[in-house]
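A.B. asks: Dropping the structure in here first, questions after.
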Amino acid sequence: MRLVLVGPPGAGKGTQAQYIASNLSIPKISTGDIFRANVSGGTDLGKLAKTFMDRGDLVPDEVTIAMVRDRLSEDDAQDGFLLDGFPRNVPQAEILKKMLADWGQALDLVLELVVDDDEVVRRLAGRRTCSQCGRIWHVEFDDKQDDRCDACDGALFQRDDDKEETVRHRLEVYGEQTAPLISYYADEGILVGVDATGPVEEVTQRAMEAIRPFMG
Ligand SMILES: [Zn+2]
């Protein structure tokens, strides 16, 4: 099963990526992991990427694509993989398609985690971080009434990233950037949406049910 997972910030994509990949016995390949592995492993691509990062510049697409190509050609990815964080846009999707076609492969499925914006805001804007131990509490899910940490009694605060305005802005940016990618894969006939609301295990179960018809 060759699978791409997409979803907005706050949809629990990282967690689902891990569970789905492990259920399917395929490697979870995230751009973040590939990146860190190349930089810490001191590969040529890692060194190249680092020159951009050290200058505070964005790593160019070609470097990211070359890293993805290297990772996808490793042995453990020959019978399938779950990609997380790539492709990010239509040009990258086209490059991925060509890359796989060169190897006689193709994507089986693009799974989109679908969560209502208000639900993401509810999840993220309710988070409170302990200023002392860093633990995260949720005003609603942990029924947190006061603003002290239950573990160490430190003062809780809301990170800027978790402020409603920031969350809504990130969702807007995500929507604008991802909409063309979503419609590209819808046109390819391999896009399936999964409701990502509710407990983690239920979302994984829904995802597995959505994947099943696409399995060889
Ligand atoms: Zn604490």
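A.B. asks: Could you work out the local net charge near Ser25, counting Lys and Arg as +1, Asp and Glu as -1, over the other residues with Cβ closer than 15 Å to its Cβ? Walk me through the numbers on the way to the answer.
C.D. replies: Working: positive: Arg2, Lys28, Arg212; negative: Asp75, Asp76, Asp79, Asp108.
Around Ser25, the charge tally is -1.
A.B. asks: Compare the peptides 187-198, 45-56 by average per-residue count of other Cβ atoms within 10 angstrom and give them in order, highest first.
C.D. replies: 187-198, 45-56
A.B. asks: Past 29 Å, Cα to Cα, is the threshold; run Lys28/Lys50; Lys47/Lys163; Lys98/Lys163; Lys50/Lys163; Lys47/Lys97 against it and keep the listed order.
C.D. replies: Lys47/Lys163; Lys98/Lys163; Lys50/Lys163
A.B. asks: Per the Cauchy relation, a quarter of the hull surface: what is the mean projected area of the convex hull of the alpha carbons in region 88-193, in nm²?
C.D. replies: Across all orientations, region 88-193 yields a mean hull projection of 9.0 nm².
A.B. asks: Label points 7 Å out from Cα along the Cβ direction at Glu94 and Ser25: separation in nm?
C.D. replies: Between Glu94 and Ser25, the simple spin-label model gives 3.8 nm.
A.B. asks: Now for a separate question. Please report the orientation-averaged projected area of the chain, defined via the convex hull of its C-alpha atoms, in nm².
C.D. replies: Quarter of the Cα hull surface area: 13.6 nm².
A.B. asks: Explain nothing, just compute: Karplus ³J(HN,Hα) = 6.51 cos²θ - 1.76 cosθ + 1.60, θ = phi - 60°, for every residue of region 118-134 in order, whole Hz, x for Gly and Pro.
C.D. replies: Whole-Hz 3J(HN,Hα) from phi for region 118-134: 4, 5, 5, 4, 4, 5, 7, 6, x, 6, 10, 9, 7, 6, 9, 10, x.
A.B. asks: In addition: To the nearest 0.05, what FRET efficiency results for Met53 and Glu176 with a Förster distance of 25 Å applied to their C-beta separation?
C.D. replies: 0.50
A.B. asks: Calculate how steeply helix 44-54 sits against the longest principal axis of the alpha-carbon atoms of the chain, using the helix alpha-carbon long axis, and give the answer as 0 to 90 degrees to the nearest 10.
C.D. replies: 40
A.B. asks: Compute the relative contact order of the chain as a whole-number percentage, counting only Cα pairs closer than 8 Å that sit 6 or more residues apart in sequence.
C.D. replies: Contact order relative to length: 28 percent.
A.B. asks: Please report, in debye to the nearest 20, how large the charge dipole of the chain is about its Cα centre when each Lys and Arg carries +1 at its beta carbon and each Asp and Glu carries -1 there.
C.D. replies: 480
A.B. asks: Let me ask another. If R0 is 45 Å, what FRET efficiency do you get for Gln132 and Asp195 from their C-beta distance, rounded to 0.05? Please list the in-between numbers first.
C.D. replies: Details: r = 37 Å, r/R0 = 0.82.
Computed FRET efficiency for Gln132 and Asp195 comes out at 0.75.
A.B. asks: Take the Cα atoms of region 1-76, find their three principal axes, and give me the spread along each one in whole Å, biggest first.
C.D. replies: Here the spans come out as 38, 32, 19 Å, largest first.
A.B. asks: Next question. Quick one: which residues, 5 or more positions from Arg148 or on another chain, have an amide H under 5 Å from its amide H? H modelled 1.01 Å from N in the peptide plane, none for Pro or chain starts.
C.D. replies: Close amide H contacts, sequence-distant or interchain: Leu156.
A.B. asks: Return the calculated 222 nm mean residue ellipticity for the chain, to the nearest 500 deg cm²/dmol, obtained by summing -39500 (n - 2.57) across DSSP H runs with n ≥ 4 and dividing by the residue count. Present the calculation step by step, with values, prior to reporting the outcome.
C.D. replies: On the way: 8 runs with 105 residues, N = 216.
After summing the helix terms and dividing by the residues of the chain, the value is -15500 deg cm²/dmol.
A.B. asks: What nm value, rounded to one decimal, do you get for the distance between Glu140 and His169 when each label is placed 7 Å out toward the C-beta?
C.D. replies: 2.3
A.B. asks: If you bin the C-alpha pair distances of region 133-216 every 5 Å from 0, what whole percents do you get?
C.D. replies: Whole-percent P(r) values from 0 Å outward: 3, 10, 12, 14, 16, 15, 11, 9, 6, 4, 1.
A.B. asks: Relative to the longest principal axis of the chain, what angle (0 to 90°, nearest 10) does the C-alpha long axis of helix 164-188 take?
C.D. replies: For helix 164-188, the angle is close to 20 degrees.
A.B. asks: Right, something else. So if each residue of separation counts as 0.36 nm, and I subtract the Cα-Cα distance between Ala106 and Ala186, what length gain in nm does that give?
C.D. replies: My answer for the length gained is 27.3 nm.
Quick note: the coordinates plus some simple rules give every number you see, no bench work behind them. Quantities reported herein were computed from a predicted structural model and do not represent experimental measurements. We place every Cβ from the backbone using ideal geometry, glycine too, and count neighbours over all the protein chains shown.
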